[in-house]
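Written out below as structure tokens is the structure these notes cover.
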Amino acid sequence: MSASNHNWVCFLCRTSARRPKTIETTPKCLSCGANCYCLGYKVSIPKKDDVKAWNAIRDSSRARDFAYLDIRQRQSTRLKHDLEKEIARMELMETNKDRTRQIKKLKEELARIE
Ligand SMILES: [Zn+2]
């Protein structure tokens, strides 16, 4: 199995297709038209009628996605707090041109964080 192709699946229809991992658009399910989910190349695809195995993969994929989102959220919250603290610290210092520019830069960085 080539690692350059990934398995894209539809959990609802229990179908799969192999597409390059660098694909620009999410493949659509040929049966229902929904966006497919990328399982990568390591997970073996169960047979279509093995509902239990499909549900297990779906559930573990969801759990992994939620864990990833949780980590991302924590990281961005931490970064946001660090930037806010640094801005507050710098704003208490004597004003000068460089510091004003740095504060502006930090505030712009802060605004970019989701
Ligand atoms: Zn489908």
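The values are calculated or read from the model by the stated rules, or taken from the named source; none is laboratory data. Nothing here was measured: the structure is a model prediction, and the numbers come from that model. We place every Cβ from the backbone using ideal geometry, glycine too, and count neighbours over all the protein chains shown.
Name the residue that is farthest from the chain's Cα centre (by Cα), counting only residues in the range 24-70 that are surrounded by 14 or more Cβ atoms within 10 Å (Cβ to Cβ) and among the charged types (D, E, K, R). Checked the range 24-70; the qualifying residue farthest from the chain's Cα centre (by Cα) is Lys28.
Could you please let me know if Ala3 is at pLDDT 90 or above, among the hydrophobic types (A, V, I, L, M, F, W, C) and either out of contact with any Pro (no Cβ under 7 Å at 6 or more places or on another chain) or surrounded by fewer than 16 Cβ atoms within 10 Å (Cβ to Cβ) (or both)? For Ala3, the condition - at pLDDT 90 or above, among the hydrophobic types (A, V, I, L, M, F, W, C) and either out of contact with any Pro (no Cβ under 7 Å at 6 or more places or on another chain) or surrounded by fewer than 16 Cβ atoms within 10 Å (Cβ to Cβ) (or both) - is not met.
Taking first residues from the range 32-45 that are in contact (Cβ under 8 Å) with a residue 24 or more places away in the chain and partners that are surrounded by 14 or more Cβ atoms within 10 Å (Cβ to Cβ) and aromatic (Phe, Trp, Tyr), the Cβ contacts under 7 Å between residues at least 6 apart in sequence or on separate chains come to Cys36/Trp8; Tyr37/Trp8; Tyr37/Phe11; Cys38/Trp8.
Out of Asp49, Asp70, Asp59, which single residue is in a loop (DSSP other than H, G, I, E, B) and at pLDDT 95 or above? Asp49 is the lone residue from the list that is in a loop (DSSP other than H, G, I, E, B) and at pLDDT 95 or above.
The rows are residues; the columns are (1) among the hydroxyl-bearing types (Ser, Thr, Tyr); (2) within 15 Å of the ligand (Cβ to nearest atom).
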| position | (1), (2) |
| --- | --- |
| Val9 | no, yes |
| Thr25 | yes, no |
| Cys36 | no, yes |
| Glu84 | no, no |
| Met93 | no, no |
| Asn96 | no, no |
| Arg99 | no, no |
| Gln102 | no, no |
| Leu106 | no, no |
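Residue under question is Ser16, and the condition is that it be surrounded by 14 or more Cβ atoms within 10 Å (Cβ to Cβ), within 16 Å of the ligand (Cβ to nearest atom) and under 28 Å from Ile113 (Cβ atoms); does it hold? No: the conditions fail for Ser16.
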